[in-house]
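Reviewing the structure listed below.
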Amino acid sequence: MTGGQGRDDLPEPEPPTVEVPEGEGGVAVPSDGTATEVAGGALPDDEIAESVQSARPVAHVEEELAEREVTEETRLEGTCLEEPVDEGVGEEVQQEVGDEEVEGEDPEEGLPLLLVARGLTVHARGGSVVEPLGVVAAPGEVLLVEGTTGSGRSVLLLALAGRMRGVGGELEVAGVPGTRPRRLRAITSVARLGDVVDLDGPLTVAECVTERCLTDGVPERDGSRRMSELEDALGFRVPRDAAVGDLSMLSRVLLLVLLAQLRPAALTVLDDLDHDLSPADQVLALEHLGRLARAAGAVVVTSTVAAPDPLPPGTTLLRLPSTRPTPGDLL
């Protein structure tokens, strides 16, 4: 199979049955509701990539980052924000999230929430990258972040995964607060981030599994077994001897998230869902990612420039407005 092939290697999921009404602003909600609009910005890629768990050896990532040039004006501050979120914003976010959600339970499903963010911000020395926003997600849900180049969508994904400096507001993933970034990184994973974390075309799927196991400190036997279990739950299997470059882009997306879940993670982030995927393929990818999230009991957060319409059930849309890119923007 070649990279240009269609979706013949994937099982055809059931078509979406939920229509998504026009976004009205406010808070991010599941696919049967409205989308949130918050302000954002861009960030230098050397800081974005810091502490990212790559599917390649860490040394390779460090060499890549060392070659990148970023202006002093766009470098990040070294500590999280200490100043409190504006009182008016905090009240608005709490109203958006709701009392039951803030307490850690999905009011509709009665499920404990894995992701809770209130007044979440990301600041660089030059100003705000992500303005205060609120979002919640339960196990098995997919959060789709929509934003153009310079909107800060990659920054937001890394902030949710505990891999970003300058984060303010409240964040909690599986009970771990955002003020404990090392613990947060231990329970989250990065499937893809720009050209820093991605698959190498010449490698076989088996070699990718081996590399990810080494990177994440997972015994290869355990990683291979978990890979098979998740594939069974997903109804999708990638031949271990297939070269990554011969897989369709849709298959690569699923492979990336499977690899990121070899070490069980409560939250997995995948940047650029729309990379070489049509809107129809994005819907298929979101449906498969939802199945994978339910099988893993996790939340999958991904991003796109333009969200497909309608979205499949179980997908939450978080919309970021476009802003002017700054030097070093990774997106």
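Just so it is clear, none of the values below were taken in a lab; they were calculated from the coordinates. Everything numeric here is computed off the predicted structure, so don't read it as measured data. Methodologically, a virtual Cβ is constructed for each residue, glycine included, from the backbone with ideal geometry; neighbour enumeration extends over all protein chains shown.
Data for the structure
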quantity: Stretchable slack from residue 322 to residue 232, in nm (0.36 nm times residue separation minus alpha-carbon distance); calculated: 28.5 nm
quantity: Peptides 142-152, 210-220 ordered by average Cβ neighbours within 10 Å, highest first; calculated: 142-152, 210-220
quantity: Full-extension gain in nm, residue 183 to residue 149, via 0.36 nm per residue minus C-alpha separation; calculated: 9.2 nm
quantity: Which of 164, 249 has the fewest Cβ neighbours within 10 Å, and the rest in rising order; calculated: 249, 164
quantity: Under the Karplus curve 6.51 cos²θ - 1.76 cosθ + 1.60, θ = phi - 60°, whole-Hz ³J(HN,Hα) for region 240-246, x wherever Gly or Pro sits; calculated: 5, 8, 6, 7, 4, x, 8
quantity: Total formal charge among the other residues, if their Cβ is under 9 angstrom from that of residue 146, Lys/Arg +1 and Asp/Glu -1; calculated: +2
quantity: Stretchable slack from residue 241 to residue 220, in nm (0.36 nm times residue separation minus alpha-carbon distance); calculated: 6.0 nm
